[in-house]
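As structure tokens, the structure follows; a few thoughts come after it.
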Amino acid sequence: MLKIYNTLTKKLEKFKPLGKEVKIYSCGPTVYDFPHIGNYRAFVFVDILKRYLLYKNYKVKHVMNITDVDDKIIKKVKESGKALREITSFYEQEFKKGLEELNCIPADFYPRATEHIPQICSLIQKLLDKGYAYLAEDGVYYRIKKFKDYGKLSGIKKEYLRDGSRVAVQEYSKEQASDFVLWKRYTEEDGNIFWEPDFLIGGKKIKVRGRPGWHIECSAMSMHYLGESFDIHVGGVDLIFPHHENEIAQSEAATGKKFVKYWLHNEHLLVEGKKMSKSLGNYFTLKDLLEKGYKGNEIRLVFLGCHYRKQLNFKISELDAARESLKKIVNTIQRIEEVKTRTQKSLRRFLLRYKKNFERAMDLDLDTSKALAVFFEFIREVNKKIDANELGKKEAKEVLFLIFDFDEVFGLGLKRIYEESKIKEIPLEVKKLVEEREKARKMKNFELADIIREKIKKLGFWVDDTKDGPKIRKIK
Ligand code: AMP
Ligand code: ZN
């Protein structure tokens, strides 16, 4: 039974989805620059959660937003003289390439804020109608004091917000300094980036030229794709307050329903004890590390080595260690493939023990660090069995199956690496023939494809046509 730590209740809770499909929303990137690997820790975390739910045979629907309008983006637009869309689509593509590099399963939807202005405005209208929002000089604001449950996620006190705030109320012409913006009124700084919706306020239609605030975007888009109540909301701990607190205030005030059942937050990636961030300048982008020759799965393995609710102090040397560990795993897989021993010794209990230990670790709040320890112990034990000639050919297949099963959750791409390592041993001549045969097949020239297959066979290889493309193997 999977248990996860819920920031809302501050307890480890049994996971029970609301419906047949597990609905997950995770806060995505602001697309004004290359994400750093701290950001990717958050994105890999939601991927692990998703993979484990899939492993447990749940159906999953995952939405990750793309924040494609905000102050930083507008600043970049001004500096570069480029159009907003040109900048945001470039960084959005870079972000997605990064996800692919880290072997993350793509989300089902990546909604962009700028493409959901009607949904955002209609949510703001609901809040205006119910008295949770008001129009001020520089935009539409959320009235915190009206929402009784404000602070239930972060523990922040409404009184603290009122009295303890250092911002002068008059400065913002807001009712309360901590009231947050839902719709930012246009200023010259915004250039040509604005929308001009009508809000119905006090029976009058009022045009408010401007753009959405950050918090409302996540409430509007999550509910649009997942419904008014859904299962899991994910983000880094820095988002608990104010972002997620405000999302709850907006959504629950508008619908009168519980917004999210489980709130999961990953801890930060640190560099020399400080949060990796753009503003501190202590960051590596994924691109930096790939250019240094590191691979996505090495970075992923470093993330997995630390429980998501613990801070992870990032060191380059750990990537080198991860590379060595991956080599050991791939080498073991190769050894397993080469097993020729015939034995009747069943491995059922051995395999079951490791599967159970792995699941026990993951079931306890997705403890990838423990699950990896189980996995490495398994790899060591398998090597010992091979050394002692105790692993039979038939059982070897089951061992391999379990390794790939674990990797469905870890997402290190072991199957792919292994297949690729096999391909390297294939002579160039054979590879070329396989390519030619693929072309022939695509042209539906199956006669030619068969002739080429025979040629390949004469060279000692066989091609299987699978849904993932041709698989080459040596004829034994
Ligand atoms: P942003 O683009 O800044 O909104 O961040 C995207 C995601 O990355 C959010 O879930 C953040 O909480 C998360 N995040 C930002 N910095 C770090 C960090 N150093 N370690 C882990 N997660 C982070
Ligand atoms: Zn968000």
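Bear in mind that the values in this text are calculations on the coordinates, not laboratory data. A quick note: this is a predicted structure, and the numbers were derived from the prediction, not measured. When we count neighbours, we look across all protein chains shown, and the Cβ atoms used for this are built from the backbone with ideal geometry, even at glycine.
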Selection within segment 354-384 - over 15 Å from Y55 (Cα atoms), basic (K, R) and loosely packed, with under 15 Cβ neighbours inside 10 Å: R380, K384
How many residues, within segment 226-253, are in a helix (DSSP H, G or I) and away from ligand 2 (no atom under 16 Å from the Cβ)? 1
Can you say whether D407 is among the charged types (D, E, K, R), within 19 Å of G296 (Cβ to Cβ) and free of Cβ contacts under 8 Å to residues at least 40 places away in the same chain, as far as the supplied structure shows? yes
Looking at (1) surrounded by fewer than 17 Cβ atoms within 10 Å (Cβ to Cβ); (2) more than 16 Å from ligand 2 (Cβ to nearest atom); (3) not charged (D, E, K, R); (4) not in a strand (DSSP E or B), can you tell me which one L200 breaks? (4)
Counting residues that are within 16 Å of ligand 2 (Cβ to nearest atom) and in contact (Cβ under 8 Å) with a residue 24 or more places away in the chain, which strands (runs of 3 or more DSSP E) fully inside segment 1-76 reach at least 3? 21-26, 59-64
Being touching a Phe, Trp or Tyr at 6+ places or on another chain (Cβ under 9 Å) and not in a helix (DSSP H, G or I) is the filter here; which residues of segment 413-450 pass it? I426, P427
Give the residues of segment 103-146 that are closer than 16 Å to E247 by Cα, part of a helix (DSSP H, G or I) and under 30 Å from the mean Cα position of the chain (by Cα), sorted by residue number. A113, Q119, I120, C121, S122, L123, I124
Given the condition assigned to a loop (DSSP other than H, G, I, E, B) and touching a Lys or Arg at 6+ places or on another chain (Cβ under 8 Å), answer yes or no: does some residue in segment 85-102 qualify? yes
